[in-house]
1. Tally up the residues in the range 5-35 that are touching a helix residue (DSSP H, G or I) at 6+ places or on another chain (Cβ under 6 Å) and among the polar types (S, T, N, Q), please.
2. Considering each of Leu155, Leu142, Leu176 in turn, give the residue that is within 21 Å of Asp4 (Cα to Cα) and crowded, with 16+ Cβ neighbours inside 10 Å.
3. Could you grab me the full set of residues in the range 41-54 that are within 27 Å of the chain's Cα centre (by Cα), in a loop (DSSP other than H, G, I, E, B) and aliphatic (A, V, I, L, M)?
4. Of everything in the range 55-86 that's polar (S, T, N, Q) and within 22 Å of Arg23 (Cα to Cα), which residue is farthest from the chain's Cα centre (by Cα)?
5. Which of the residues belonging to the range 1-34 are more than 30 Å from the chain's Cα centre (by Cα) and either β-branched (Val, Ile, Thr) or outside any loop (DSSP other than H, G, I, E, B) (or both)?
6. Write out, first by first residue and then by second, each pair whose Cβ atoms fall under 7 Å of each other, whose residues are 6+ apart or on separate chains, and whose first residue, in the range 266-277, is without any contact (Cβ under 8 Å) to a residue 24 or more places away in the chain and under 16 Å from Pro234 (Cβ atoms) while the second is in a helix (DSSP H, G or I) and of a type outside the set (D, E, K, R).
7. Can you find a residue in the range 75-83 that is in contact (Cβ under 8 Å) with a residue 60 or more places away in the chain and more than 24 Å from Gly174 (Cβ to Cβ)?
Amino acid sequence: MPMDALCLSAVCREVEPAVLGGRIDKIYQPSRDEILLQIRGRAGSCRLLLSANPSRPRLQLTDLPRENPAEPPMFCMLLRKYLAGGKILALRQPPMERLAELVVEAANEMGDKVRRRLVLEAMGRRTNLLLLDGEDRIVDCLRRVEGDLTQARPLLPGMFYQYPAPQPGKKNPGALTPADRTELLALGQGAGPADRFLLDHCMGLSPLLARELAFSLRPVSDLMASAEAGTQGPTAAFFRTCRRRFAEGGQESWAESWTAALEQVALPLEEADLRLLQEAGDVLGRYDGESQRQALEGLLRGLEGQAAEAAETARRLCRVYLALGLAAGLFCLILL
């Protein structure tokens, strides 16, 4: 499975308790694209693997032994010089970026404690592993990138490191505001396949994860078909009309399809009941799940209140009918 930003975030949460506060005892480079850190943590020793393989970039804990070369590569020797014996202060990930960084406190040549960062950029063919000093300058990187027309970010020793530029037009799905949700829902009307829409408008998703999310979403037309199958009479006609209008309406929004169905189907409801359903249609499909849940709870409370009033009215009418029946019986007895 691709290591997209969401998967990397889950991996960081899993790895963090094992490495946070630990000391880096040993550093190995078993292959060209892999760095293995032997860490002595509060809960015991562990091995942290950072792979910069373009086809399989990842960050993970591992118990598998790896054979190391007789002569350590230059990048491995550099990491040993600057990070060996250092204490891991943090494992961080910028929001919805395929990037993880270890913040390490280690001694410099003068014996003073300084902070350095080991950054893994898990970005496909541009995957890289970089060592930064306390001023965010690049000490060195696994793959040096020259500045040319094909590379937006040159990565060379001595340069100041900068995070990758955010992708234009994409939003962080974990930090959406109500305005963002409204905008995305408006853009999503008739926008084509759901997985393509998610990829085009959301940060940190791989094509595979976008397809999985799209598959897990149940279309509105299917929900209306289920509601239609579970009801009968005018209620089933309402859900059927709503489903057809939403499926065939093109740019017609969910609220517009719902309102049109209320107008077309003669439901045996009072004016107050119809107003409640109208208010529900204005909310459903426009806001986040929590807002929709609150709207449905409000609708349910309103309908329960009207049902209680109707039951009370029925009880009063029942008493009237009972009194009338008794009076009619007495009248008949008197006449006889």
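1. Quick first cut of the range 5-35, residues touching a helix residue (DSSP H, G or I) at 6+ places or on another chain (Cβ under 6 Å) only: 24, 27, 29.
Of the ones still in play, those that are also among the polar types (S, T, N, Q) are 29.
Of the residues in that region, 1 qualify.
2. None of the others qualify; the one that does is Leu142.
3. Once the filter is applied, which keeps residues that are within 27 Å of the chain's Cα centre (by Cα), in a loop (DSSP other than H, G, I, E, B) and aliphatic (A, V, I, L, M), the range 41-54 yields only Ala52.
4. Asn68
5. Those that are more than 30 Å from the chain's Cα centre (by Cα) and either β-branched (Val, Ile, Thr) or outside any loop (DSSP other than H, G, I, E, B) (or both): Arg23, Ile24, Asp25, Lys26, Ile27, Tyr28, Gln29, Pro30, Ser31.
6. Cβ pairs passing all conditions: Leu274/Leu262; Leu277/Leu262.
7. First, the residues of the range 75-83 that are in contact (Cβ under 8 Å) with a residue 60 or more places away in the chain: 75, 78.
With the extra rule that they be more than 24 Å from Gly174 (Cβ to Cβ), the set shrinks to 75, 78.
Yes, the range 75-83 contains at least one residue that is in contact (Cβ under 8 Å) with a residue 60 or more places away in the chain and more than 24 Å from Gly174 (Cβ to Cβ).
To keep it simple, each residue is scored yes or no on (1) under 29 Å from Pro193 (Cβ atoms); (2) at pLDDT below 80.
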residue	(1), (2)
Asp222	yes, yes
Glu228	yes, yes
Gln232	no, no
Ala237	no, no
Glu252	yes, yes
Pro268	no, yes
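The values are calculated or read from the model by the stated rules, or taken from the named source; none is laboratory data. Computed from a predicted model, the values in this text were never measured in an experiment. Note: ideal-geometry Cβ built from the backbone for every residue, glycine included; neighbour counts use all protein chains shown.
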